[in-house]
Amino acid sequence: MRESDKMMSRSIKYQRLDDVEETGDNDQDLVAVRVPINGMTCQSCVRSIEGSVRDVPGVERVKVELSENAGYIRYDPRLCSLEAIRSHIENMGFEVPVDNDDESRNLLPKDVPTAIMIDMTGSQTPPVSEVFLSVIGMTCQSCVNTIEGALKAKSGVTKGHVSLADGTARVAFLPSTVTPREIADLIYELGFDVNIISVDGQVYTENKSQICNNTEGSGDCAKQLSPFKNKLQTNGSGPPVAEAELSRCTLEVRGMTCASCVSAIEKHCTKLYGVRSVLIALLAAKAEVCYEPRKISALDVANSITELGFPSEVISENDGSGLKEIHLLIKGMTCASCVNKIEKTVLKLTGVESCSVALTTCKGRVKYNAEQIGPRTICDAVAGLGFEATVASPHNRGETSYLEHREEIRKWRNAFLVSLVFGAPCMAAMAYFMSMMSHGHSAKDMCCVLPGLSLENLVMFLLATPVQFIGGWHFYKQAYKALKHGTTNMDVLIAMTTTISYVYSLGVVVASMATLQEASPVTFFDTPPMLLVFVSLGRWLEHIAKGKTSEALSKLLSLKATEAVLVTLDDSGNIVNEKCIPVDLVERGDILKVVPGAKIPVDGKVISGQTTCDESLITGESMPVPKTKDSLVIGGSMNSNGAVLMLATHTGESSTLAQIVRLVESAQSSKAPVQRLADTMAGYFVPLVVFLSVLTLVCWIISGALDINRIKAITPEVYLNAGYSDWELIVQSAFHFALSVLAIACPCALGLATPTAVMVATGVGANLGLLIKGAEPLENAHKVKTVIFDKTGTITRGCTTVARLCLFTGEPAALPDLVACLLAAELNSEHPVASAIVQWCSAVLKGANPLQCTGFVAAPGCGLRAKLKATNSSAIHVPELANIVNQAKPGCTFDLHGVPVEVVAGSDDAALSSAQAAARLHRLIRTEDGDESAEHIVLIGNREWMSRNGVNVPRPVQKALSQHEELGYTAVLAAIDDQLVCTIGVADEVKPEAHLAVYWLKKMGLEVCLLTGDNRKTAVAIARQVGIRKVYAEVLPSHKVAKIQKLQEEGQRVAMVGDGVNDSPALAQADVGIAIASGTDVAVEAADLVLMRNDLLDVVACLNLSRTTVRRVRLNFLFASVYNLLGIPLASGAFALYGMQLQPWMASAAMAMSSVSVVCSSLLLKTFRKPTIEELRTPEYLQSIRLEDLDSVSVHRGLDERVDPSDRSVTALSNKQTESWRSSLIKV
């Protein structure tokens, strides 16, 4: 094989120079090598290595292949060496193994001149295609930036443009590298719904095998349909379909009482043609169904569930088009001409896709694009025609009766009162006749009204018959529908128990009367009325308790405002017009007026006025929050004491309150892994109970036939002397125990054990500002053994400030020009450190920006490179700054806008010679000729960044950097045209509660780590302040995921706490991701738990709530399991010989109370309280601050697991800083 063929086999285009007509002379001396590189995890690593190695002097071309874990490099051996390249890559945190059998030698043998190989990657332009996507769910420019940033990072994507207004994206890509489906899945993983519309202008189609083979696809065979990591059931009926062909709908399902109902509905729905998956939430009374709209509609699914015996209706439907639908009530229509006029007018509106109006019902249905038009515009258009139009919601989410179970409570209360009419006399009659028999009256003495019919059986028959055929109609109807569809539930057990007891009793009484017996037989006429009394009482109490479990969600829904005051302003900002409108008609960009005592209608920004808002029910913040101009306000919070004008920014489903409600609803609808097991067991529970009942009947009959004395030993004395035959006693006893088994068995307690606890816990968490995205994170949180904190914005406040500056120019006169360079360069960066430098420099220069940036490149985790253009007209005139500089001398320290500035003298160090540095800097920044302009390169970053760019960092500078880092500052170096000019210490204040939170996490038995991209010494200084002993420093953003994966491979359950975009992959990878809501939207989307308040003590509260909930769930399961495991044997007569046996009505009472007791047990979670900071600051904690020894902090650099011994030592400076920190903690 030719060498060029080998190159092509590695997916890199090479060509012999013999085939190239013209070649530059410089290429003849270049060397081409292949360098293996380990530790790369993503394309970000690839780009980082390529960009860094390309800056090494002598390197001409670099191509890194992630799939091969190798890089192809061409360099000039006169300027660079292979060892230097390897060392450079290793310094970036990657491993470059030295292979004895070097692939470069096999690839490029010595007998072939290296110059005959040339990388042709840039010589041929590969074909580029364009995919047009529909992106649903974008709410702001942050969403656009997130998607575009992800597209830029995707290998094979050359260009991406996202339109917020149109809800679309156009992406140019290389078909040989990436497919349209992979691009769509990339956007889908960011939390947006996406559909592929066309590729290169043609309608997109893909075969089914392609979808199933794509492990990252969004179809059934590749990705779960639940957004909260729920495992849904799929019927498997039919081939996999693309995500674009699937729709989702949410149904309200009433009448579910236990896990058997859930199992029955899920089994039924998965058998429906076209239904791909279904998720049922028992307590939320909801069903989420994924289906193929070409085969079945959402209404058909709802009707099918209704036929099963559970009334259902469609709440919401997402057909994948991204369009919203509203229903209008239109008054004033008289004929078809009115209908036609309304439809034509509405269809002309921009953003309206369809409109249909029904004259008979006076209703209209409009589908529209919410990004282009809103409901108010549509209503105004109809009103402009002379008709009155209002929005009518088929399911008003503001009404919380469905959550509070009001309808079910009313229904079962009435059922209990009706059944009590017959049950109370039944209990009284039973007590009377039992007392008569206990006073020496035998069954013969109490007989007979008619031969074979006693007064007791006659009274019980008259009371049981109405209950059997009227009161039990509900159970018969539900049982019939369940059996009709091949399922079983609790209603089947109740119907069987009452029917068997009634039919058996009626049969033996008729037989006794036909044979003219002297004594009336033992019957079970008391079972139907007594059973229904206890069942209806239990269901009534159970629904009352269920309503209490969803009380928190009801409170959140009640926060929504109903009306808003829309105002119109003139050019001067004065109010011209005010109009009160329903809050559903508020659109983005509206200006609203909020008076004192009113609710903030939607999310927005204050544009005038000042007030304080009570946000306690949303964020958990108990103190009123002051609001002034440009402050953000949350819809649903209460305006306390001032009128304000606000600009609506998020309305409807995109508001904070709506998202919280949706999040809590989804969490309460999700199932924990242990709940899925309970639901599976419930599906087989009823058939098992029927089998055990029949087995009990058969066993007692056989036992009595073998030894009648066993039956007589457990039969009451009054029945032994009544003249019954042996077989009559055997059958009576056998039926008695079999009916008791049917009556006592209860799958409800087992099915309610988890969902009730999860619902209460998520509601309590929402009230405390802890948003939990499902039952699975709640269950997983208690298994966490390691908690990893990000540093910036998590452990620290995230508000960085310049704390110190060391000037190496030797002369203070260069400071104004230096500050101008820093300001111009950092203005283009979005890094928090850059923001701090820009803020300080702007204050020093009084807002002046004399230099212009003509080129800018940033390297994540390293620094920036800026090209600045300066002219003599850019002279800086700041009198205050000039006075300070003129008074300063070399070697002195002076204060400049609150920041100490040290002028370091060069002394004997040639690299810091004041004369050389000052003259060089003067030439760099100033231009002697007024007509000329000069461009200068400014480098700002860490040591690695300076090393990459060939800037020498002398020993005195290293000492200054160490001092910054030991104080916990982020040390930044600045160089102009390769001349080192200053170091900047940027401080980020540690949150005051961080040390306390870390202390309690360690006391809970958890290992706490710090994971940061900052340098080792700064990370150690921060770790010592908060009490963390294990630090992973200098970890690139792309390597955080790899670090968490490595910990998980060691068997640890990891919780990650972060707040930034660079934390979102790590949050998603961790077993439990905890995001701070004050961080970025992407981080919040990727996390499992969201802290509404920027308080690290909420991490402790989250884990405590999880542990408390899991303990309660286990207790519930234990109670429900023990109840059935002990109750069924007791009811079957297993302990009858010991005098322990239950009547069927006693068993029914125990069954009814079991469910109530489980729900009440879950309600005890409402007593959970988050401890205050005063309660956590115990004497033990204060004592631990004084005794704490953090000299043994272990530091790991990058992905290296080896401990860096250089950071174990503690300097006097860091000791001083630690002592100062301890003193501040004790005083707080």
### Query
How much of Arg865 can a 1.4 Å solvent probe reach, expressed as accessible area in Å² and rounded to 10?
90
### Task
Considering only protein heavy atoms, with the full assembly of protein chains and a 1.4 angstrom probe, order Thr270, Thr515 by accessible area, largest first.
Thr515, Thr270
### Query
How much length, in nm to one decimal, is gained on full extension between Leu1125 and Leu462, taken as 0.36 nm per residue of separation minus their Cα-Cα distance?
235.1 nm
### Message
If packing is taken as the average number of other Cβ atoms within 10 Å across a peptide's residues, how do 729-741, 409-421 rank, most packed first?
### Response
729-741, 409-421
### Query
Given the pairs Lys1002/Lys1170; Lys629/Lys1170; Lys411/Lys481, which span a C-alpha to C-alpha distance of over 23 angstrom in this model?
Lys629/Lys1170
### Summary
Surpassing 32 Å at the alpha-carbon level, of the pairs Lys324/Lys560; Lys959/Lys991; Lys991/Lys1166; Lys267/Lys560, are Lys267/Lys560
### Query
To the nearest 10 square angstrom, how much accessible area does Thr350 have with a 1.4 angstrom probe?
100
### Query
By per-residue mean of other Cβ atoms within 10 Å, what is the highest-first order of 777-789, 1126-1138?
777-789, 1126-1138
### Task
Calculate the translational D of segment 980-1039 in whole µm² s⁻¹ from Stokes-Einstein, where the hydrodynamic radius comes from the Kirkwood formula applied to all Cα pairs, the temperature is 10 °C and the viscosity 1.306 mPa s.
124
### Where Met1153, Met92 fall by accessible area, highest first, once all protein chains stay in place (1.4 Å)
Met1153, Met92
### Query
In the neighborhood of Arg539, defined by Cβ-to-Cβ distances under 9 Å, what is the net charge if each Lys or Arg adds +1 and each Asp or Glu adds -1?
-1
### Query
Based on the mean of other beta carbon atoms within 10 Å per residue, what is the order of 353-366, 985-998, most packed first?
985-998, 353-366
### Task
Keeping all protein chains in position, work out how much accessible area Lys869 exposes to a 1.4 Å probe, and write it in Å² to the nearest 10.
80
### Message
Ordering Trp1000, Trp840 by accessible area with a probe of 1.4 Å, largest first, what comes out?
### Response
Trp1000, Trp840
### Task
Express in nm, to one decimal, how much length is gained between Tyr476 and Glu1050 on full extension, taking 0.36 nm for each residue of separation and deducting their alpha carbon distance.
201.1 nm
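The values are calculated or read from the model by the stated rules, or taken from the named source; none is laboratory data. Quick caveat: nothing in here was measured; it's all calculated off a predicted structure. Positions of Cβ are generated from backbone atoms using ideal geometry, with glycine treated the same way; all protein chains shown enter the neighbour counts. The accessibility values were calculated without ligands, DNA or RNA, using every heavy atom of the protein model including side chains. Shrake-Rupley method; radii C 1.70, N 1.55, O 1.52, S 1.80 Å.
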